[in-house]
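Below: one structure in structure tokens.
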Amino acid sequence: MNRKNIIFPLVLLCMLATSCGLYDKYVSNNKIPADIIGMQTAADAPAPVSWREFFIDPMLQRLIDTALMRNTDLQAARIAVEQSEVALKMAKKAILPSFYFSPSGSIANFNSNTSKTYDVPLQMNWNPGPIGNYTNKKRASRAVMLQSEARQDAVRANLISAVAQHYCLLQLLDRQLGILTATDSLWNASLEAQKILWQNGKIYSTAVNQQEASCLNVKTQIVDTRRNIRSIENEICRLLAIHPQHIERNQWGRHPILPMAAENISAALLANRPDVRMADYAMEEAFYNMQAARAAFYPGLSLSGSVGWTNSAGGLEINPGKILSSIIGSIAQPLFARGQLKGNLEIARLNCENLRNQYVQTVVNAGNQVNEALADCQAAGEKHGYYLRQVEVMRDAYRGTHELMDNGKATYLEVITAQESLLSAQLNEAMNLYDASCGVIELYIALGGAAR
């Protein structure tokens, strides 16, 4: 066998053998530590809880459905996913050759002699680049698409959380408004009673003035609460991308938020979080970009050719025209690129290392967020009984102090202090319930609550 006939196959075989590592697939070894939450968790990870099972209030569900359908930020995230899908399709077709139909013609006249030439060629270009370059770029494009999908899930989960929190805040403000309205009625009656006592000379006018000032303070709080209700309604309308309008809602406590049972909490659920998934997909993209940087050291193949009909044969015209075809092939092996190839590979490697550190920190932040949400839920639950008892005690204290003042055994300052303490306890008890709801919502998101 002629030695020249086996040189090219041997060179090609060596190239393929030395470039096998360029086709390695990314393998994610990122496991969520079982103790990342800082507590004993379930051994098996339950499936993510759907928000419909979590937020059972029908009116809240309708608001969330509207937000998921109309919210512009979520629509932008959806469009970004579709754009990445198109980019992936383009990357998959990058290995195919390009074809161009480029007919041309010319007419020249010299000394009454007319020359007419034409070319009707079909041109082909195929430039797959270095060995392994196409495969790694295609896989990197897929990782980018997966990041877009995870980012869309993050926007979706945060939107659900925002609507639920604002809805709960509306319910809180409704309850606070009810407390303030009842207090205003009660204190107005007390003011009228004190005016009668003052007219009968049993108390001083300062007691009446102080009671009136307290009543006016409650009235201003009522105005502020109504203004806050309107502001929250406007914010919900903004999230829903609708015009400002009244938001229908149920009374507080009619459809409570269902917290996840502590025994069902698993550290493995953190893998469902969009930010954890994005961090993992970013590492995958960086891995394939590093592989592509390695592929740049290997030879690149390029082919071009054309076939078509022409009557131009150099300086001659041939009529009728003839078929002309040509093909050019080349292999380019980088030898010296002023350090760019090595520099690009080192930059890609350092980017992989940096993204690895970012992934670790993302998981740590996720565990901390879960731990904080659990602590908030636990603290709000423990304080609930104390607040209820405080309201009960302050109500009895207010009644008793008022009776003592009527009998001349207590001053008006003691009555005012008791009634303001009662109002503060009632408002704090309602606020604690809202804090508990926010803690549960935060826990749902912290555990990757993006289930549809």
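With a ≥ b ≥ c the root eigenvalues of the C-alpha gyration tensor of the stretch 80-177, is it rounded (a/c under 1.5), prolate (a/b larger than b/c) or oblate?
oblate
Moving on. Add -39500 (n - 2.57) for each DSSP H run of 4 or more in the chain, then divide by its residues: what number comes out at 222 nm, to the nearest 500 deg cm²/dmol?
-22500 deg cm²/dmol
Using alpha-carbon pairs under 8 Å, 6+ residues apart, how would you state the relative contact order of the chain in percent?
Across the chain, relative contact order equals 27 percent.
Round to the nearest 10 and give me the degree value, 0 to 90, for the angle of helix 340-406's Cα axis relative to the longest principal axis of the chain.
Approximately 10 degrees, to the nearest 10.
Let me ask something else. Return the long-range amide H neighbours of residue 309 (sequence gap of 5 or more, or a different chain), with a cut-off of under 5 Å between placed amide H atoms.
Correct list: 120, 324.
Another question, then. Within the stretch 66-143, how many lysine pairs that are 8 or more places apart, or on different chains, have C-alpha atoms less than 30 Å apart?
Here the count comes out as 6.
Using the alpha-carbon atoms, what tilt in degrees (0 to 90, nearest 10) does helix 72-92 show relative to the longest principal axis of the chain?
The two axes meet at around 20 degrees.
Ok, one more. Order 85-92, 138-145, 54-61, 97-104 from most to least packed using the mean count of other Cβ atoms within 10 Å.
Sorting 85-92, 138-145, 54-61, 97-104 by mean packing, highest first, produces 138-145, 54-61, 85-92, 97-104.
Something else about it: State the extension gain, in nm to one decimal, for the chain segment bounded by residue 413 and residue 192, taking 0.36 nm per residue of separation less the distance between their alpha-carbons.
Result for the pair: 77.9 nm of gain on full extension.
From the list [x] -0.43, -0.56, -1.06; [y] -0.28, -0.37, -1.22; [z] -0.53, -0.64, -1.18, can you say which value of log10 I(q)/I(0) by the Debye sum over Cα atoms at q = 0.06, 0.07, 0.13 Å⁻¹ was derived from the structure given?
Derived directly from the coordinates: [z].
Would you mind computing, in nm to one decimal, how far apart the modelled labels at residue 93 and residue 124 are, each placed 7 Å from Cα along Cα→Cβ?
According to this spin-label approximation, the distance is 1.8 nm.
Moving on. Considering the convex hull of the alpha carbon atoms of the stretch 395-445, report its projected area averaged over all viewing directions, in nm², one decimal.
Spelled out: convex hull of the Cα atoms, projected over all directions, averaged, 3.5 nm².
Could you give the nm distance between label points at residue 403 and residue 243, where each point is 7 Å from its Cα heading toward the beta carbon?
For the pair residue 403/residue 243, the computed spacing is 5.7 nm.
Roughly how big is the chain's charge dipole about its Cα centre, with Cβ charges of +1 (Lys, Arg) and -1 (Asp, Glu), in debye to the nearest 20?
With only Lys, Arg, Asp and Glu charged at Cβ, the dipole is about 2340 debye.
Using 0.36 nm per residue of separation minus the Cα-Cα distance, give me the extension gain between residue 65 and residue 392 in nm, one decimal.
Net length gain for the segment: 113.7 nm.
Follow-up question, since we're still on this one. Let me spell out the model: positive unit charges on the Cβ of Lys and Arg, negative unit charges on the Cβ of Asp and Glu, origin at the Cα centre of the stretch 72-192. What dipole size does that give, in debye rounded to 20?
That gives the stretch 72-192 a dipole magnitude of about 1040 debye.
Counting only protein heavy atoms and using a 1.4 Å probe, what share of the accessible area of the chain belongs to carbon plus sulfur, as a whole percent?
56 percent
Once R0 is set to 22 Å, what does the formula 1/(1 + (r/R0)^6) return for the Cβ-Cβ distance between residue 379 and residue 35, expressed as a FRET efficiency to the nearest 0.05?
Once rounded, the FRET efficiency stands at 0.50.
Applying 1/(1 + (r/R0)^6) with R0 = 25 Å to the Cβ-Cβ distance of residue 79 and residue 234, what FRET efficiency is obtained, to the nearest 0.05?
Efficiency computed from Cβ-Cβ geometry: 0.45.
Now for a different question. Using 0.36 nm times the number of residues separating residue 302 and residue 341, minus their current alpha carbon distance, what extension gain do you get?
12.1 nm
What's the ranking of 278-288, 335-345, 371-381, 171-181 by average number of surrounding C-beta atoms within 10 Å, highest first?
278-288, 171-181, 371-381, 335-345
Taking the 0 to 90 degree range and rounding to the nearest ten, how far is the long axis of helix 133-199 tilted relative to the main principal axis of the chain, both from C-alpha atoms?
It works out to around 10 degrees.
The values are calculated or read from the model by the stated rules, or taken from the named source; none is laboratory data. Because the structure is a prediction, the values reported are computed rather than measured. Counting neighbours? That spans all protein chains shown, and the Cβs are built from the backbone with ideal geometry, glycine included. SASA here: full protein model, heavy atoms, side chains in, ligands and nucleic acids out. Shrake-Rupley method; radii C 1.70, N 1.55, O 1.52, S 1.80 Å.
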